[in-house]
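Report on the following structure.
The values are calculated or read from the model by the stated rules, or taken from the named source; none is laboratory data. Being a predicted model, the structure only gives us computed values, none of them experimental. Note: ideal-geometry Cβ built from the backbone for every residue, glycine included; neighbour counts use all protein chains shown.
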Amino acid sequence: MGELMLVRVDAGPDIGSGHFMRTLALAQAWAMHGGEVKFCSSGLPESLACRLDNEFFDEVHITYPIGTAEDALQTGSIAKSLGASCIVVDGYDFDSLYQELVSSFDVTLLFIDDAAHCNDYSADILLNQNMHADEYLYDMNQAEIPDYTRRLFGTKYVLLRKQFVGSNARKPITPSVAHTVLVTLGGSDTDNFTAAIVRGLLKAEIPDLYIFVVAGTASQLELPKDSKVHLLSEVDDMASVMAASTMAISGGGITVWELAFMGLPTIAFSRGFQEELLIASARRGGFVLDAWNASEFVEDEFVDMVRDLAFDPVQRSHMSRRGQETVGSFGAERVVNAIMETNKSYVER
């Protein structure tokens, strides 16, 4: 193929790392087809910049504030100067005007969305990988999508990194008691909510409890000192950590789809409207228990929820099965094919 994809995405304490991780998954799939990838950002955390280096993806620095008109014009100019055939934009700071300005550079634009947060869409391809993604979501928010925009809606398009797609440990274990618990609240946990979760788990009195705590790049954790708690930072292979666990406590970002793919029963907390939508649909799908907004955390209620799930192998088996039925391994491949087809139509005009 040999075509260049330019990815415009950011990450950090306020943004988290979810947008970066799913665009990385798409970039990996693009590279598997022989394409070249460059990332554009206002400055990534060192650990994420290292991930790009390990994938041989270059990073180009954006010098203007995120989501501004100047940012859009600089991104479009970089794409044209590099001869990019596709621009991928992912982030809640990118709005209708941003899409319009980037689209003016006559390069295929893929816009990744979660909650119809824009008034108007002008991208060539609109990707929303969530269960709640459908035309009604956009109609309800009075969002205008032009007829020419190709819609990629639903979990058949979930972007999974190659460590998950190539995992040999996707057969989940359902013991009588879920004693190995993974705690992962995303790339940003500035209020140290993880510590409250760990304290609740320790109070649940689960026999032979073993807690994996995955710290995000922006987390400054102060965890209870206990032999049952094991802190993992800068984890490169989350698929293996998930495969070694029997239950998860998660934030409401893209990790929910990774956990579903791995068949790991999950209790999820939301932070913000986008995560509330995601978790609500995952709960209806039968593979996540919705544990309220993180700001409404009540320890005793959480302890009861943890104990109920940990001691109920039938429910965990059902959740595991439903998760793996919902999320498959070909999402990124389907998105790459859609981009290639759209690029071809550009050439033929």
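Residues in the stretch 211-221 include at least one that is assigned to a loop (DSSP other than H, G, I, E, B), of a type in the set (S, T, N, Q), over 18 Å from the mean Cα position of the chain (by Cα) and under 15 Å from residue 16 (Cβ atoms).
Of all residues in the stretch 130-149, those that are assigned to a loop (DSSP other than H, G, I, E, B), among the charged types (D, E, K, R) and more than 20 Å from the chain's Cα centre (by Cα) total 1. Scanning the stretch 30-47 for residues that are crowded, with 24+ Cβ neighbours inside 10 Å and part of a helix (DSSP H, G or I) yields a single hit, 30. With respect to (1) outside the structural domain of residue 107 (by TED's automatic domain parsing); (2) modelled with pLDDT of 90 or more; (3) touching a Leu at 6+ places or on another chain (Cβ under 7 Å), the lone exception for residue 184 is condition (3).
Considering 204, 248, 260, 195, the condition of being within 14 Å of the chain's Cα centre (by Cα), under 23 Å from residue 308 (Cα atoms) and not β-branched (Val, Ile, Thr) is satisfied by 260 alone.
Looking at the stretch 20-29, is at least one residue modelled with pLDDT of 95 or more, touching an Asp or Glu at 6+ places or on another chain (Cβ under 9 Å) and more than 27 Å from residue 185 (Cβ to Cβ)? No.
Being touching a Phe, Trp or Tyr at 6+ places or on another chain (Cβ under 9 Å), in the same structural domain as residue 157 (by TED's automatic domain parsing), in a strand (DSSP E or B) and among the hydrophobic types (A, V, I, L, M, F, W, C) is a condition met by at least one residue of the stretch 78-87.
Using the structure shown, decide if residue 222 is in contact with a Gly (Cβ under 7 Å, 6 or more places away or on another chain) and acidic (Asp, Glu). Please lay out each step first, then the result.
Values: in contact with a Gly (Cβ under 7 Å, 6 or more places away or on another chain): no; acidic (Asp, Glu): yes.
No; evaluated as a whole, the condition is false for this residue.
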